[in-house]
Amino acid sequence: MTENLRKYEEKWWKNHCYYIAGVDEAGRGPLAGPVVSAAVIFSDDIQIKGINDSKQLTPEEREALFHEIMEKAVAVGVGYVDNMLIDRINILQSTYLSMLRSIKKLSVMPDIVLVDGYPIPDLPLKQENIIKGDAKSISIAAASIVAKVHRDRIMEFYGMEYPEYDFQSNKGYATKKHVEIVFKKGPCEIHRKTFSPIKEILNRIFGGTY
């Protein structure tokens, strides 16, 4: 599997780009919590068995791979944007900002950035965007795992702070139980007030003032 995910990295390594950063995010679609991005740089001899898009892995597989990635990577950076800033600048701009922050946290400057999805605006580095890159690039797949594990840990912490919202289980996503809780109790401090499902709930609770 690792060999199948190396073709983009191999292309750039052959073009003398030795520090290739894969970038991906977690948490673009939830009702609550931050959006988290990660940037991961591997050396050209990297081998990690079982690495894949984080959505295709179990929580246990992600945790095991997370520790291996952190041990074997040349550099890892993680960037966050909280729900308050998401409400101010929207989720798309927040996603790009979290990606930029993750790249800035790297201990070495990348020669090129491989980004899942669309190009990152205002990135002063060479980049290649790869649609569904988390299933095509080992660096992006690793970034998806690191971002997901970091975000899940954040939401588990919030689950202790706001136990009535079941964040340990739903991680802020719009599960049936989560939506029912928000209808009953209203949103808490970490809910995204401008996100469409939350706006609908708030409008129904407060009579269309949002």
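In table form, for the structure just shown:
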| read-out | value |
| --- | --- |
| Any chance residue 151 is of a type in the set (Lys, Arg) and surrounded by fewer than 21 Cβ atoms within 10 Å (Cβ to Cβ) | no |
| Index of the failed condition, residue 127 passing every other in (1) over 18 Å from residue 63 (Cβ atoms); (2) touching a residue at least 60 places away in the same chain (Cβ under 8 Å) | (2) |
| Restricting segment 158-169 to residues that are without any contact (Cβ under 8 Å) to a residue 12 or more places away in the chain and closer than 21 Å to residue 58 by Cβ, the residue that is surrounded by the most Cβ atoms within 10 Å (Cβ to Cβ) | 159 |
| Residues being not aromatic (Phe, Trp, Tyr) and not in a helix (DSSP H, G or I) - total across segment 117-142 | 17 |
| Of all residues making up segment 179-192, the number that are loosely packed, with under 15 Cβ neighbours inside 10 Å and either in a loop (DSSP other than H, G, I, E, B) or at pLDDT below 90 (or both) | 3 |
| Residues being in contact with a strand residue (DSSP E or B) (Cβ under 6 Å, 6 or more places away or on another chain), in contact (Cβ under 8 Å) with a residue 24 or more places away in the chain and surrounded by 17 or more Cβ atoms within 10 Å (Cβ to Cβ) - total across segment 76-120 | 20 |
| Residue list for segment 6-41, restricted to those being more than 11 Å from the chain's Cα centre (by Cα), buried (at least 24 other Cβ atoms within 10 Å of the Cβ) and under 18 Å from residue 114 (Cβ atoms) | 20, 21, 22, 40, 41 |
| Entirely in segment 1-116, the helices (runs of 4 or more DSSP H) that have 2 or more residues that are within 16 Å of residue 150 (Cβ to Cβ) and of a type in the set (Ser, Thr, Tyr) | 91-104 |
| Selection count, segment 170-205, where residues are of a type in the set (Gly, Ala, Ser), closer than 20 Å to residue 91 by Cα and touching a residue at least 12 places away in the same chain (Cβ under 8 Å) | 2 |
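Rundown of residues vs (1) more than 30 Å from residue 8 (Cβ to Cβ); (2) among the basic types (Lys, Arg); (3) in contact with a Leu (Cβ under 8 Å, 6 or more places away or on another chain), yes/no style:
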position: 121; (1), (2), (3): no, no, no
position: 137; (1), (2), (3): no, no, yes
position: 150; (1), (2), (3): no, no, no
position: 153; (1), (2), (3): no, yes, no
position: 157; (1), (2), (3): yes, no, no
position: 173; (1), (2), (3): no, no, yes
position: 181; (1), (2), (3): yes, no, no
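The values are calculated or read from the model by the stated rules, or taken from the named source; none is laboratory data. What you see is a predicted model; the values in this text were computed from it and never measured. Glycine gets a Cβ as well: all are built from the backbone with ideal geometry, and neighbour counts include every protein chain shown.
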